[in-house]
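Asker: Quick one: the structure is below, and I'll ask about it shortly.
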Amino acid sequence: MWLRRWALVAAAGGVVGSGLLLSTPAGVFGRVVPFLLVFASIGLLFQPQLFAWQGKHLTLGNRFLLPCGLFSVSVYLGYFGAGAGVMILALLLLTVDQHVARANALKNMLVGVAGVVSGVTFALFGPVDWTAAAPLALGMFVGSTVGPSVARRIPGNVLRWLVALTGLGLAVRLWVSPS
């Protein structure tokens with residue numbers, strides 16, 4: 001039930017993001033991407049402190065954090081995608097589950113749903129370089145198959161730091177060379 005509800009939110013965001021990519025100049029959004037990645041990575045680094053703070057300051061508005069955040073990140077995923085997993089993982093760790101391996105498994109499912117819906121949207125309505133798409137699809141399949149078992153073997157704090165530092169590195173890379 002939980003996954004079905006949030007998968008629909010992720011799918012809707014993926015379709016909206018794909019539509020934006022197909023109808024707007026990529027340069028504008030591309031300039032914002034590094035800052036979004038930094039924000040998510042810092043949130044991931046400070047996730048235990050943020051979770052403790054959130055537990056003390058729960059309000060009715062917090063129930064909107066997951067759906068609004070998931071939809072927004074899924075729009076981003078459908079538009080650009082790089083680092084969306086870091087963003088969704090940070091969001092899930094704050095709103096759903098503090099256990100990194102479980103949150104990572106949920107993240108994989110939600111990223112997969114938004115990614116597949118975005119891919120189908122691009123295949124139907126946009127130009128696709130199939131020689132590039134095939135290796136990307138293979139990489140996504142291998143990563144989603146191997147990743148969860150690797151994530152379960154790495155201590156939660158180590159995994160959180162590795163993902164956050166990778167996100168920060170990607171943000172720097174995209175800031176220096178956005179194309």
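Asker: Provide the descending list of Cα extents for the chain along its principal axes, expressed in whole angstroms.
Answerer: Rounded to whole Å, the extents work out to 48, 37, 35 Å.
Asker: What is the calculated FRET efficiency for S149 to Q98, with r their C-beta to C-beta distance and R₀ = 22 Å, to the nearest 0.05? Could you put the intermediate results ahead of the total?
Answerer: Details: r = 21 Å, r/R0 = 0.94.
Step by step, r from the Cβ atoms, then E = 0.60.
Asker: State, to one decimal in nm, how far the label point of V28 lies from the label point of L65, with both points 7 Å from Cα in the Cβ direction.
Answerer: Label-label distance for V28 and L65, simple model: 3.0 nm.
Asker: Shifting gears a bit: In cubic angstrom, how much convex hull volume per residue do the alpha carbon atoms of the stretch 95-164 span?
Answerer: That works out to 104 Å³ per residue.
Asker: Kindly put L89, L36, L138 in sequence by how many other C-beta atoms sit within 10 Å of each C-beta, fewest to most.
Answerer: L138, L36, L89
Asker: Still on this model: Please give the length that would be gained between V172 and L124 if that part of the chain were fully extended, namely 0.36 nm times their separation in residues minus their C-alpha to C-alpha distance (nm, one decimal).
Answerer: Length difference between fully extended and current span is 14.0 nm.
Asker: OK, next. Roughly how tilted is helix 100-125, in degrees to the nearest 10 and between 0 and 90, from the longest Cα axis of the chain?
Answerer: 20 degrees
Asker: Relative to the longest principal axis of the chain, what angle (0 to 90°, nearest 10) does the C-alpha long axis of helix 84-95 take?
Answerer: For helix 84-95, the angle is close to 30 degrees.
None of the figures in this text is laboratory data; all of them are computed from the coordinates on show. Computed from a predicted model, the values in this text were never measured in an experiment. For neighbour counting, all protein chains shown are included, and Cβ atoms are generated from backbone atoms with ideal geometry for every residue, glycine included.
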